[in-house]
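The values are calculated or read from the model by the stated rules, or taken from the named source; none is laboratory data. What you see is a predicted model; the values in this text were computed from it and never measured. Cβ placement follows ideal geometry from the backbone for every residue including glycine, while neighbour counts extend to all protein chains displayed.
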Amino acid sequence: MIASRLSRRQLLKGSAAACVLLAFHWPERAGAKASKGSEFAPNAFIRIEPDGGTVLVMPQVEMGQGVYTSIALILAEELDADYARVVLEHAPASDKLYANPVFGLQATGNSNSIRAFWTPLRQAGATARALLVAAAARQWRVDPQTCSAARGEVVHASSGRKLAFGALASAARQLPPPANVPLKDPRNFVLIGRAQRRYDTPDKVVGKTTYGIDVMLPGLRFATIAASPVFGGKVKSVDDRAARAVPGVHKVIVADDLVAVVGDHMWAAKKGLDALTISWDPGPNAAVDSRAIWDDLRAASTKAGAVAHSEGDVAKAMQGAELHEAAYEMPFLAHATMEPMNCTVQLRKDSCELWLGTQVMSRVQGTVAKLTGLPPEKVTVHNHYLGGGFGRRLEPDMALKAVRVAQQLDGEPVKVVWTREEDIQHDYYRPAYRDTIAATLKNGRIDAWNYKITGSSVMARWLPPAFQKGIDPDAVDSAADNPYDIPHQHVEYVRAEPPAVPTGFWRGVGPNNNVFARESFIDELARAAGKDPVAFRRDMLGKTPRLRAALELVAEKSGWGQPLPARTGRGVAAQTAFASYIATVVEAEVTELGEVRLRRVTCAVDTGLAVSPDTVRAQLQGGLIFGLTAALYGEITIEGGRVKQSNFNDYRMLRIDQVPAIEVFVIDSSEPPGGIGETGATAAPPALRNAIYAATGVALRRLPVDRQALVRGAT
Amino acid sequence: MPEQKQLTINGQKHAVDAPDDMPLLWVLRDIVGLTGTKFGCGIAQCGACTVHLDGRPVRSCLLPASAAVGRAVTTIEGIGATAVGARVQKAWLELEVVQCGYCQSGQIMSAVALLSATPRPDDSDINAAMAGNICRCGTYVRIREAIKRAAGSEA
C-alpha cells in the first residue's frame with residue numbers, strides 16, 4: 001500500500017528513534033475487556049457496546065498536545081463513528097497492544113504519535129467499519145457493497161434501512177476480520193482536517209478533569225518527599241522529634257536516599273518534612289559545579305567524535321578558503337510541568353496499583369514489578385490526563401519513589417506529591433550541549449560545513465538499542481540531515497556525560513540544540529556573505545522546497561524587510577525537525593539596559609495533512625512560548641553537587657504581559673502528517689537570537705540570553 | 001491543634017477539621033475533595049491555586065483556611081454558576097484556549113475576577129490581572145483573546 005509505505009518513510013526521516021523502528025504488529029483483539037459480553041472489539045483501539053456506546057482506547061497519552069482528539073478523529077473517520085458521541089479511555093499498560101511502533105514500547109514522545117499511528121489507526125477503523133457493514137448486509141441479505149456507514153450507523157440507501165453500530169455489535173463480533181480493507185480517499189474525509197472541538201477541554205474548564213495528582217481513594221494517606229539534595233547522596237540520620245509533633249503526621253520514612261513524611265493531608269506532610277532535621281551524606285558529588293561541568297564539556301568537544309553524516313570532501317573544500325568558526329552552548333534545563341511530580345500507590349502483599357499521569361505506561365509497570373519483585377501482571381497502572389509532560393514523564397522515577405514510600409506502609413494507599421522545589425531539583429535535565437562549527441563560503445553560499453555536537457546521550461540510557469556506533473540518533477537529529485544545499489558536509493557527535501546530573505528528554509529534544517546552533521551560525525554566515533538572512537537561506541533550499549515555501553510565506557506575513565525602530569530587529573529560523581517544515585520570524589526590541597522585549601512572532605508551517613489544524617496552530621503558539629521562555633530565562637546551574645534553582649521565583653517563566661501577538665499560518669498540504677508538539681520549542685530560540693543579532697549586532701552564542709552583553713555599549 | 005471550622009464553599013457549608021495555619025488549597029483538595037483547584041508552586045508565584053474570597057482572587061496555597069471563615073469561597077467547580085464565570089468558560093471553549101489544562105482553573109478564576117471588576121478590560125488591564133498566572137503550555141495568546149471574547153459577549 002502506497003500510503004502506508006509513504007508514512008513509514010516519513011517516519012524514518014528525521015525520527016530520533018528511527019533505527020529501532022520495529023515491524024508493526026497488528027494489535028490482537030483487545031485486552032481483557034474485549035472478550036466479555038456481546039460487545040464488538042475487533043482490535044485494541046475500538047470497542048462498540050451493544051447499547052451503542054463507542055469507546056476508543058488511546059494508545060498515546062494526552063498532555064495538552066491534543067492527541068486524544070486527533071487519535072479519536074482518525075479512528076472515527078475510518079470507522080464512520082459519530083465523533084460527538086465517542087468516549088475515550090486511557091489505555092492500560094501493555095506493550096503488546098499499545099506499543100508505539102517507532103519506539104517499540106508504549107511511550108508518547110518525539111512528536112511522533114500521529115506519524116507512528118496514522119496508518120495503524122486508519123486500518124483499525126476501516127476494518128471495524130467493514131465488519132459492521134458486513135454484519136448489517138448479512139442481516140438485510142444484501143450485498144455489502146450497497147451499504148455505507150455514517151455517524152455511527154450502517155445505511156442501505158436503496159431501501160432506506162439503517163442500523164446503529166450498537167445493534168450490530170454482537171453480529172459483527174462473530175465475523176472474521178477481513179484483510180487489506182481499503183482506506184478512505186482523503187478527499188472524502190469528513191472529520192480529519194476539519195474544525196473539531198477538542199474532546200478533553202469541556203471538563204478542564206470546569207475543574208472536573210482528574211489528573212494524577214487529583215486521585216482520591218478511601219483511606220488515602222498523603223506524603224511528600226525529600227531526596228538527597230546532592231545527586232547521589234544518602235541519608236545519614238534523621239531527627240524526627242519535631243515532625244512527629246506536627247498535627248496530622250503519621251509516619252516518617254527513611255529509605256536510603258530519600259525521606260518521606262506521611263500524613264492526613266499534604267499540609268501535615270509538608271510541615272512534617274520541614275520540621276525534620278536531616279543529616280545527609282553527600283557522597284562523591286559534593287564538589288561538582290557548573291564551572292567544572294562546562295570545563296569538561298569544552299575539553300570533550302575538542303576530541304574526535306563518531307561520524308553521523310559525511311558528504312563531499314570538507315577538508316579539501318576548506319583548503320585555502322576563509323574559515324568561519326563559532327561554538328554555541330546550551331544550558332541544562334528543568335521541565336517544570338505545571339503539575340508537579342506525583343504518584344499514588346497501593347502496595348499489597350501480592351499486587352500493586354498505581355495512579356499517575358505518565359508518558360511511559362509499560363515502563364512504569366515493568367520497573368515497579370522489578371522493584372517490588374511482583375510479576376508485571378500484578379502491577380496495575382491507571383493512567384490519567386497529564387498536567388504537562390514535555391518529556392519529564394518519560395521517566396518512571398516518580399512511581400519508583402512512591403512505591404519505596406509505600407513499601408514502608410501497611411497496604412494503605414498513599415499519594416506522594418513532590419513540592420515544586422523537589423520537582424525542579426530532582427529532574428532529568430535537558431543536557432547541556434556544546435556545538436562547534438566551521439564553514440566556508442563560495443559565491444555567496446555555504447560550500448563546506450564541519451559540525452560537531454558534544455553532550456550527554458539520553459538515548460543511550462533511555463533506549464540503549466538506539467545508541468549504535470557512538471551515535472545518539474536524537475542528539476544528531478537536525479544536524480545529520482541539514483536541509484540546506486551544502487556540497488561538503490561533515491557531522492560528528494561526542495558523547496560526554498556530566499558528572500552527577502541526570503539528563504533526559506525535553507520538549508524539542510535534539511533538534512532544539514542543533515537548529516539553534518545551525519540557524520544562529522547561518523545568520524552569521526549571511527552577514528559574512530553580505531546577504532539578507534532570508535535570501536541567503538532561500539537560495540540554499542533547492543532540495544527542500546517545502547521549507548523554502550514556508551520561508552517565503554513567513555517573510556511575507558512578518559513584513560520582513562520593512563523598516564523598524566532603533567535597537568529593534570527581526571530574526572528568522574528555518575527547520576525540518578519532526579517531519580514538519582517550519583519558518584519563524586521573531587521581532588524584538590533590545591532596550592538600552594539590555595532587556596529584550598518581544599514585539600511579534602510569525603510562523604509558517606507545512607506539517608503535511610493537518611489532522612486538526614487548530615491544534616497545529618495552538619501547539620505552535622504554545623511551543624514558541626515554551627522556547628522563548630527557555631531562550632530568555634532557562635538555565636539550571638549546579639553548586640556543591642546540587643541544583644541551585646528551586647521554584648518559579650528563580651526558575652522563571654514567561655508571563656502573559658511579556659507575550660506578543662503570535663500568528664501561525666498553516667500551509668495546505670496532502671503530504672503525510674508530520675509531528676508538531678515540539679516544533680515551536682525548537683523554532684523560537686534561534687529566531688529570537690537572530691532578532692537580537694539584527695537589533696544590536698551582538699552575536700549571542702549561548703543560551704539563555706545574556707542581558708549584560710546586550711546593554712548598550714557593552715560590546 | 002486541629003479545630004473545626006465552618007467554611008462556605010460554592011454556597012455550601014462545610015465543617016472541616018484543619019489546623020489554623022493550613023492553607024485553604026489543601027483544605028479544598030485533601031479534606032473537602034474539591035480537586036479542581038491546583039497546587040503549582042506553594043509560594044504564590046504561579047496562580048494555579050487561585051480561588052475567590054468574597055469575589056476577589058486569592059492564592060489559596062498561602063491563605064490560611066482560618067482566614068476564609070465567615071467569607072464566601074468560590075472555586076472552579078462553582079464559578080460556572082455566576083454569569084461572568086459561565087461566559088468565561090464558554091469563551092475558553094470557543095477559542096480552544098486549553099492544552100494540558102492544569103493551570104486553567106486558576107487562569108479562569110483570575111479572568112472572572114478581572115471581568116467582574118473591569119467589564120471592558122484593555123490589554124494593560126489583562127496584563128495586570130493575569131501576569132500572576134503561569135501557563136507552561138503557553139496558552140497566553142488565546143487567554144487574552146478569550147477574555148476579550150467574554151467581555152464582548154456581555155451585551
May I ask you to verify whether A:Val314 is of a type in the set (Val, Ile, Thr), outside the structural domain of A:Leu400 (by TED's automatic domain parsing), in contact (Cβ under 8 Å) with a residue 24 or more places away in the chain and out of contact with any Asp or Glu (no Cβ under 6 Å at 6 or more places or on another chain)? yes
Restricting attention to the stretch B:1-29, and to residues there that are part of a helix (DSSP H, G or I) and at the interface with chain A (Cβ under 9 Å from one of its Cβ atoms), which single residue is surrounded by the most Cβ atoms within 10 Å (Cβ to Cβ)? B:Val27
One residue is enough: does the stretch A:614-632 have a residue meeting the conditions under 30 Å from A:Asp281 (Cα atoms) and either among the hydroxyl-bearing types (Ser, Thr, Tyr) or within 14 Å of chain B (Cβ to nearest Cβ) (or both)? no
Subset of the stretch B:67-86 (residues that are more than 8 Å from chain A (Cβ to nearest Cβ) and not in a helix (DSSP H, G or I)): B:Val69, B:Gly70, B:Arg71, B:Ala72, B:Val73, B:Thr74, B:Ala81, B:Thr82
Quick test of your reading of the structure: A:Ala116 fulfils all but one of (1) crowded, with 24+ Cβ neighbours inside 10 Å; (2) touching a helix residue (DSSP H, G or I) at 6+ places or on another chain (Cβ under 6 Å). Name the failing condition by number. (2)
Search result, residues across the stretch B:87-115 that are facing another protein chain (nearest Cβ under 7 Å) and either farther than 22 Å from A:Ile625 by Cα or surrounded by 23 or more Cβ atoms within 10 Å (Cβ to Cβ) (or both): B:Gln89, B:Trp92, B:Val98, B:Gln99, B:Cys100, B:Gly101, B:Tyr102, B:Cys103, B:Gln104, B:Ser105, B:Ile108
Members of the stretch A:239-274 found to be of a type in the set (Lys, Arg) and assigned to a helix (DSSP H, G or I), listed by number: A:Arg241, A:Arg244, A:Lys270, A:Lys271
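Residues being crowded, with 16+ Cβ neighbours inside 10 Å and not basic (Lys, Arg): count how many of those fall in the stretch A:178-193.
Here is the first cut: in the stretch A:178-193, the ones crowded, with 16+ Cβ neighbours inside 10 Å are A:181, A:183-184, A:189, A:191-193.
From what is left, the residues that are not basic (Lys, Arg) are A:181, A:183, A:189, A:191-193.
Result for the stretch A:178-193: 6.
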For A:Arg570, indicate whether it is assigned to a strand (DSSP E or B) and within 14 Å of chain B (Cβ to nearest Cβ). no
Given the conditions (1) assigned to a helix (DSSP H, G or I); (2) within 12 Å of another protein chain (Cβ to nearest Cβ), and given that B:Lys148 satisfies all but one, which numbered condition is not satisfied? (2)
Against the condition buried (at least 18 other Cβ atoms within 10 Å of the Cβ) and either within 14 Å of chain B (Cβ to nearest Cβ) or of a type in the set (Gly, Ala, Ser) (or both), how does A:Gly677 come out, does it pass? yes
In the stretch A:320-371, anything crowded, with 24+ Cβ neighbours inside 10 Å, part of a helix (DSSP H, G or I) and touching a Pro at 6+ places or on another chain (Cβ under 7 Å) is listed as A:Val364, A:Gln365
Kindly indicate which of A:Ser456, A:Ser520, A:Ser478 is surrounded by 24 or more Cβ atoms within 10 Å (Cβ to Cβ), in the same structural domain as A:Thr682 (by TED's automatic domain parsing) and more than 19 Å from A:Ala684 (Cα to Cα). A:Ser456
Can you find a residue in the stretch A:164-176 that is within 8 Å of chain B (Cβ to nearest Cβ), of a type in the set (A, V, I, L, M) and more than 25 Å from the chain's Cα centre (by Cα)? no
Given (1) within 30 Å of B:Val141 (Cα to Cα); (2) out of contact with any Pro (no Cβ under 8 Å at 6 or more places or on another chain); (3) more than 8 Å from chain A (Cβ to nearest Cβ), where does B:Val32 come up short, assuming only one miss? (1)
Taking the stretch A:517-551 and keeping residues in contact with a Lys or Arg (Cβ under 7 Å, 6 or more places away or on another chain) and assigned to a helix (DSSP H, G or I) leaves A:Ser520, A:Ile522, A:Arg538, A:Arg548, A:Leu551
When restricted to B:Thr74, B:Thr50, the only residue in contact (Cβ under 8 Å) with a residue 40 or more places away in the chain and in contact with a His (Cβ under 6 Å, 6 or more places away or on another chain) is B:Thr74
Quick check: is even one residue across the stretch A:6-14 crowded, with 22+ Cβ neighbours inside 10 Å, among the small types (Gly, Ala, Ser) and modelled with pLDDT under 55? yes
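Determine whether the stretch A:275-289 contains at least one residue that is touching a His at 6+ places or on another chain (Cβ under 7 Å) and either outside any strand (DSSP E or B) or of a type in the set (A, V, I, L, M) (or both).
no
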